[in-house]
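Asker: The structure is given below, and queries will be raised subsequently.
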Amino acid sequence: MLGVEITLFGAAAMLLVCALLPRLRIYRSLFVGACVLLLSTGLFMIRGHLPPPTTAAGRVPEEVFGVGWWILGAWLVRSVLTLVMRRVWFPNDDLPHARRLFADLASALIYVIAFIGIVDTVLKEPISAVLATSGVLAIVLGLALQNTLGDVFSGLSINIEKPFGAGDWITLMVTPEVEGQIIEINWRATHIKTGTNDIIVIPNSVIAKAIVTNHRRYRDPYLSVVRFTVDSLHAPADVIGVLQAAAAAAAGVATNSTVAYATGLGDACVRYELWFGVSDFAKTQAVQSAVVTGVYAACRHGGFRIGAAIVDVRVVAVAGPAPAPGAMCDTAQTNTP
């Protein structure tokens with residue numbers, strides 16, 4: 001069995017050398033923790049070849065060592081798992097809140113396993129009694145924290161399915177309707193920043209049951225529309241060209257996203273719809289204002305009249321005395337079928 005201890009000491013020495021390399025300094029804490037864990041494991045195995053202590057006081061250092069070994073091992077596993085989450089599952093780190101949520105859940109599970117290991121292997125207590133007590137405690141806590149647990153599991157499902165994430169603009173069909181940008185998704189609730197810079201905290205269980213409209217899930221431009229009526233004296237093809245050029249020149253409009261349509265005819269006007277993409281959903285109203293301002297200036301410059309043509313109404317005075325009010329009423333009644 002001495003060969004196992006030598007192998008552990010050799011691996012610990014290699015980890016210590018890696019910890020001293022400048023290129024691997026960002027992983028130094030992991031290398032040092034693993035080195036200490038291997039050294040302590042080797043020493044504990046060597047200690048196992050010696051006669052066991054005969055008194056309770058002699059077992060205290062061994063128990064302290066065992067508790068420290070389990071805690072150090074749990075910390076090392078948690079650190080490696082966090083590193084894997086950052087490098088593999090969330091490589092771009094565009095979902096820091098989701099990563100933290102899963103890391104916290106994994107950390108809790110790892111430390112629970114470490115606690116069970118301490119009770120079973122170090123303290124030599126029957127694990128069945130501990131599990132029975134913890135089961136009763138879990139039932140009591142589950143009943144007391146039913147709503148909170150619902151929010152927690154809803155948060156987990158949101159982060160697994162990822163219908164939206166931090167930075168997305170969403171609309172929640174709740175009472176009242178909520179529209180804003182996702183700031184954070186934590187264990188219990190989702191924080192949303194509205195257009196008026198208010199922060200709304202909504203429980204995850206409420207969001208899980210609501211109809212959610214994600215305006216920027218795939219980072220495509222948000223499509224907005226502005227409607228105009230132009231005098232029918234102007235050809236629709238000419239008006240469409242002016243509308244599209246004016247919208248494309250407005251600040252905040254996405255490239256190659258403007259298109260105009262002639263959608264209907266009025267008595268003296270033609271109705272148009274001007275669609276354009278907004279690069280930043282939070283600036284939709286500002287971009288719409290810029291588009292309307294640009295379209296108005298372009299139409300004035302090109303001689304296009306926005307709105308229906310002006311209708312002149314003439315009032316002709318009738319010669320002679322005006323009829324009496326009673327006579328007008330009698331005439332109206334006679335002419336009515």
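Asker: In a Debye calculation with equal point scatterers on the alpha-carbon sites of segment 186-233 and no solvent, what is log10 I(q)/I(0) at q = 0.18, 0.27, 0.32, 0.33 Å⁻¹?
Answerer: For segment 186-233 at q = 0.18, 0.27, 0.32, 0.33 Å⁻¹, log10 I(q)/I(0) is -0.80, -1.12, -1.15, -1.15.
Asker: What number, in percent, do you get for the relative contact order of segment 164-214 if the mean sequence gap of Cα pairs under 8 Å and at least 6 apart is divided by its residue count? Walk me through the numbers before you get to the answer.
Answerer: On the way: 89 pairs, mean separation 17.6, N = 51.
About 35 percent, as a whole number.
Asker: Moving on to the next point. To make sure I understand the rule: partners must be lysines, Cα under 24 Å from the Cα of K209, and not fewer than 8 residues away in the same chain. Which ones qualify?
Answerer: Here the lysines satisfying the reach criterion relative to K209 are K162, K193.
Asker: Would you kindly work out the equivalent ellipsoid of segment 155-208 from its C-alpha gyration tensor and give its semi-axes, the square roots of five times the eigenvalues, largest first in whole Å?
Answerer: Working: eigenvalues 56, 27, 20 Å².
Output for segment 155-208: semi-axes of 17, 12, 10 Å.
Asker: How compact is segment 164-267 by the rule of thumb for globular proteins, expressed as Cα Rg over 2.2 N^0.38 Å?
Answerer: Normalised by 2.2 N^0.38 Å, the Cα Rg of segment 164-267 equals 1.50.
Any read-out appearing in this document is the output of simple, stated calculations on the displayed coordinates, not a laboratory observation. Everything numeric here is computed off the predicted structure, so don't read it as measured data.
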